[in-house]
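Below is one structure, written out as structure tokens; comments come after it.
The values are calculated or read from the model by the stated rules, or taken from the named source; none is laboratory data. In this text the structure is predicted, and so the values were computed from the model without any measurement. As a convention, Cβ positions derive from the backbone with ideal geometry for all residues, glycine included, and neighbour counts pool all protein chains shown. These accessible areas exclude ligands, DNA and RNA; they are computed on the full protein's heavy atoms, side chains included. Shrake-Rupley method; radii C 1.70, N 1.55, O 1.52, S 1.80 Å.
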Amino acid sequence: MTTQSAPLFTATILGSPRVGPNRELKRAVEKYWSKKMDRAELEAVAATLRGDTVRHLADAGADSIPVNTFSYYDHMLDQSVLLGALPPRVAGVRDDLDRYFAAARGGTYDGVDVAPLEMTKWFDTNYHYIVPEIGPNTAFTLNPAKLLAELDEATAVDVPLRPVVVGPITYLALSKAVDGAGAPIERLDELVDVYAELLELLAERGIGWVQIDEPILVTDDVDDVGALAETTYARLGALSHRPAIFVATYFGQLTDALPALARTPVEAIGIDAVDGSVDAVAAVPELAEKTVVAGVVDGRNIWRTDLESALATLATLVGPAGRVVVSTSCSTLHVPYSLEPETDLDEALRSWLAFGAEKVAEVVTLAKGLAQGRAAIASEIENSNAAAASRKVDPRLNNTDIRSRLDDIRVAGASGRGIAADRRTAQQERLNLPTLPTTTIGSYPQTTEIRLARADLRAGRIDEAQYEQKMKDEVAAVIALQEELGIDVLVHGEPERNDMVQYFAEQLEGFFATQNGWVQSYGSRCVRPPILYGDVARPRPMTVEWAAYAQSLTAKPVKGMLTGPVTILAWSFVRDDQPLADTAAQVALAIRDETVDLEKAGIAIIQVDEPALRELLPLRSKEKKDYLAWSVEAFRLATAGVRDDTQVHTHLCYSEFGEVIGAIADLDADVTSIEAARSHMEVLTDLNAVGFSNGVGPGVYDIHSPRVPTTQEMIVALREALEAVPAERLWVNPDCGLKTRRTDEVIESLRNMVEAATAVRAER
Ligand code: GLN
Ligand code: ZN
């Protein structure tokens, strides 16, 4: 097939969810891992899910269907397989599927231990991808078996199939160099050869279109991104035998890369019209010869599209763009399958939402409106307008009490406490802690018993009171354990929390917790982000009873444990009708009220976790400053309602601070616990360099591994830390919560940790 004969299309989406409407893939994969399912059964489950996805898209009216969007674990890992770029350490695993899972999760295969590849966040989403490793000996070779099999399998529908791959620039920009290799992006030329080979192969198969995803083009992470895009796609475009090329971009606005791509022979360019805008199209004359795939339907948030305004956006493209195709802004991988199972939604709320299936329908409707005129979709527009109108006037989105309280607090100067040094004196007087105080990050193991109790409660096998009693028993056990171990600042262990965001969302007004709104986070792990749709209010205390109960069992201070506003936003679907900063402030106010109630209940130390502070950092440099300003402001609003002698802690889940380091200092928490996976010294000197001078607890051991750390290695870590910060400021703690560990590991590890602290104290 030549590009001239590529069938035109009008309505598509960039990719689909793949875990299954009821997480069928998760269950099957986990069974396969535990050898309760064989490969053939797993493949059958996967084939059924893929078939359903393709059929659903065809039935809904998409006229080009993305394939190769299925994945057993992750699409970047699939791309590494496609490019023959798995690291040599997994090559010894004989079975190809096991090799794939070995790369993803590590394990012992044929008696050999294989360390997994690293995992990290996919742009600014909550999805995590497996980071490709590019070493000096990585040789790229085309390995298209999966892609071709998915093409062969999907021929039952009568709609053209469009294979989707991650583009070469994005692939290399997201890879990491290993074994002394140069920057992966230097291998671009060579890699493009493999893509050329793939395109030729697809052309031979009669494939009309290929989608090449290049989200990296909307970031500032690659130098000379325009030039790279131009040379890469000029080369691929010049192939004489290839499908039509659709370069998809998403998660933000194209700058230099848009005119650059337009100068190449590619046939179509995808633009995110939700997290970016299509305004620039008119300024690029070459686009009059191209297809612009306009992502006007939000692929990563769950709000219903305002059809009227989306149609208006599309109309502005007619003329400046040669052809206009309607699509989602990105893959709908990031939203749940369908609204259908959400039977608890009230009618108004339901009318404001669109999950994966509903988004496909919106795309098709808009394409029809674009082709046949507004009148052809008048009733759909009427419904969309009615939903938008009801959302505007719904009192739940405009809680005047909360809004005026927030204004008052801001006018009064909400975000300042007394100066840090005075606070430290007041707190020390009240708490009387030893030097190098020991503590933990909050959670203790979520044992099978705890999970069973929660399941029993849900299934009605036990009642609320019985459940609470079980959790109280657990709290008592955790307190007793910490006393026995000799820890200085105790925690209640968080047994009652299913999840650190959902737990709060379920108790706050303005949130809706879905029944079945699962979204893939990584591999087989799925999360159910709550929907933050309205003004946030706290009808009653959320944690006070637990904290007060724990405190009643001990004379040592128990830390109250809360999740911070930025993390609550980062792990929810957030309303799109006001700036994030305003929503963050409302969440902050609710948390602030909780801190005040904890203080009243006699809690002297309160920790407000912000593990997601860095996650929400915008992709474009020029937007970062504003984000850091409002996120710090929200944290301070949340934590500045307490007295100076109440100690505020925070916890951050990373040690590569990068651009957020200044913000960490600005949070002005009395004590900050952080991961210290690199060396303690480095973490602490980074903090010192930005003038951080409060308490700090660089994790003395890594909780992500089942390994029990020795006393000696933690002594070494502490001595090292003391070279960077004075003893008065140093805390001793693990690097994260203990919920994923086994109780026996935790006991041994903490015993050694306390021993290490005691030994180092004695040296002083
Ligand atoms: N307090 C939480 C816990 O210990 C913090 C979790 C986190 O850092 N993600 O589990
Ligand atoms: Zn953590």
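A few remarks follow.
- Relative contact order (percent, whole number), region 50-208, Cα cutoff 8 Å, 6+ residue spacing: 28
- Heavy-atom accessible surface of region 579-621: percent carbon and sulfur, 1.4 Å: 54
- For region 473-478, 3J(HN,Hα) computed residue by residue from phi via the Karplus equation (6.51, -1.76, 1.60; θ = phi - 60°) reads 4, 5, 4, 4, 5, 5 Hz, glycine and proline entered as x.
- For region 214-256: rounded, prolate or oblate by the Cα gyration tensor [a/c cutoff 1.5]: oblate
- Antiparallel DSSP beta bridges within the chain, as percent of all bridges there, nearest 5: 20
- With respect to the chain, whose longest principal axis is taken over its alpha-carbon atoms, helix 580-600 is tilted by about 20°.
- Taking the DSSP bridge list for region 79-214 and keeping only pairs wholly inside it, about 55 percent are antiparallel.
- Nearest-ten-degree value, helix 680-689 long axis tilted from longest Cα axis of the chain: 90
- Solvent-accessible surface of region 151-297, taken per residue with a 1.4 Å probe and all protein chains present: 35 Å².
- Local electrostatic count at V293 - Lys and Arg +1, Asp and Glu -1, tallied over other residues with Cβ under 14 Å: -2
- Short-range pairs are left out: with C-alpha atoms under 8 Å and at least six residues apart, the relative contact order of the chain is 11 percent.
- Of all accessible heavy-atom area on region 112-235, the percent that carbon and sulfur account for (1.4 Å): 49
- Taking a ≥ b ≥ c as the square roots of the eigenvalues of the Cα gyration tensor, region 341-487 is classed as oblate, since a/c reaches at least 1.5 and a/b does not exceed b/c.
- Label-point separation in nm, R374 to T425, each point 7 Å along Cα→Cβ: 6.9
- Too-long pairs where the Cα-Cα distance tops 23 Å, listed order kept, from K121/K622; K121/K624; K35/K176; K392/K624; K625/K739; K176/K625: K35/K176; K392/K624; K625/K739; K176/K625
- Percent RCO, i.e. relative contact order, over region 199-352, from Cα pairs under 8 Å lying at least 6 residues apart: 20
- R525 versus R396: modelled label distance in nm, points set 7 Å from Cα along the beta carbon direction: 3.0
- When peptides 364-377, 598-611 are sorted by average Cβ neighbour count within 10 Å, with the highest value leading, the order is 598-611, 364-377.
- By the Cα gyration tensor, region 630-682 has an equivalent ellipsoid whose semi-axes, rounded to whole angstrom, run 22, 13, 8 from largest to smallest.
- The alpha carbon gyration tensor of the chain gives principal lengths a ≥ b ≥ c with a/c of 1.5 or higher and a/b greater than b/c, which makes the shape prolate.
- Solvent-accessible area per residue, Å², over region 54-108 with all protein chains present [probe radius 1.4 Å]: 34
- Between 0 and 90 degrees, the angle of helix 378-393 with respect to the longest Cα principal axis of the chain falls at about 20 degrees.
- Distance between region 433-452 and region 246-301 - C-alpha centres, whole angstrom: 49
- Between T448 and E682, the simple label model (points 7 Å from Cα in the Cβ direction) yields a spacing of 4.0 nm.
- Simple rule: put +1 on each Lys or Arg Cβ and -1 on each Asp or Glu Cβ in the chain, find the dipole, and look at N398, V292, A367; the Cα lying farthest toward the positive end is N398.
- Accessible area per residue, Å², region 576-674 with all protein chains present, probe 1.4 Å: 30
- Scoring 16-23, 646-653 by mean Cβ neighbours within 10 Å over their residues and listing the highest first yields 646-653, 16-23.
- Annotation: peptides 349-356, 27-34, 547-554, ranked by per-residue average of other Cβ atoms within 10 Å with the highest first, follow the order 349-356, 547-554, 27-34.
- Potential lengthening of the chain between K35 and R742 amounts to 252.3 nm, from the contour at 0.36 nm per residue minus the alpha-carbon distance.
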